[in-house]
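Worksheet: one structure, shown below.
Taken together, the values in this text are just the output of simple stated rules run on the coordinates, not laboratory data. No experiment lies behind these values; they were computed from the predicted model shown. Methodologically, a virtual Cβ is constructed for each residue, glycine included, from the backbone with ideal geometry; neighbour enumeration extends over all protein chains shown.
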């Protein structure tokens, strides 16, 4: 009997009620697995929808020259080789506490590169102030009536400066971004001369100042660097492949050995991913999971061998079976080993002598135990 006959029927035909039940179980398991392994939060690294950043995460993970990771607690900054690491903070949802901000500041002071992508929130600017950077996100909506993608609120920033961080980049395609007030920072990318700031509901009028606005800057802070980008949406799945967002983001960590995505103040990772990351970060849990896994494999292996033996015994006529496998009350004369061997050779002509002898030994084992008990 094959495995699917045992699951879907009793050998005489398919039991459709079992088929429907199995289909329902599989559907539920797939749904639960999807929920446990994906996220629906904006800028979520495991969110495959348009507003997630799963493509960014996968792109970094696929780069053989860099080791990527997700940072869920700022305490992990202390374990990073700062001068070899680029850390991305993408539109944080919550403000960094004094202790958290101090860890990030020390990371930058020791040579780390911090990339902050922020448009309208205050938490990104607060972090920039805490680490000692001068650049700030303006917070007003940036528009360009002449150079845009699908509308003025999606400006195409064509003013790309010659810098190692902009190699291979000719433009950035923005989506509801803002300008950067650079202070003494170096401008990496700016809009055309036809951009302006203001609420979305306001129309362009003579009072608006049309000029070029910085949208990405870089500056040295202590031994490290801080990059500020006025539009976190260049990292979302819907915009990541627009010109030249992906090359620009890749260029920010091109010379690094490590890239981390700081989600300590954003939406948490999915439950299944969180469990995997927790186990990976704990040698004790790795040992525990490994031990349990080995135990399960051993148990399942024994069950499989026993099931195979019982299935083989069930195929034999009752008089050829060992005493322990017969129904109680039946008086069937037992066969000798030679008779059993002869039957097995006829029934399974492709078996060799070693297989036949092993099967006979297995058949005799329950009978031996009964004789011992008697």
### Task
For residue 184 and residue 297, calculate 0.36 nm times their separation in residues minus their Cα-Cα distance, and state this gained length in nm to one decimal.
34.5 nm
### Task
Just order 140-152, 226-238, 109-121 by mean Cβ neighbour count inside 10 Å, highest at the front, would you?
226-238, 109-121, 140-152
### Query
Fully extended, how many nm does the chain gain between residue 51 and residue 99 (0.36 nm per residue separation, minus their Cα-Cα distance)?
14.3 nm
### Query
Of all DSSP beta bridges located in the stretch 54-280, what percent are antiparallel, nearest 5?
50 percent
### Message
When a/c reaches 1.5 or more, the comparison of a/b and b/c decides; with that in mind, is the stretch 66-109 rounded, prolate or oblate per its Cα gyration tensor?
### Response
oblate
### Task
Calculate the spin-label point distance for residue 341 paired with residue 122, positioning each point 7 Å from the Cα along the beta-carbon direction, and give it in nanometres.
9.0 nm
### Task
Between residue 83 and residue 150, take the C-beta separation as r, use R0 = 41 Å, and let me know the FRET efficiency to the nearest 0.05.
0.50
#### Entry: Percent of alpha-carbon pairs separated by more than 31 Å within the stretch 54-280
18 percent
### Query
From a point 7 Å beyond the Cα of residue 257 in the direction of its Cβ, which residues of the stretch 79-95 have a backbone N at a distance under 16 Å?
79-87
### Pair residue 348, residue 222: separation of 7 Å Cα→Cβ label points (nm)
7.1 nm
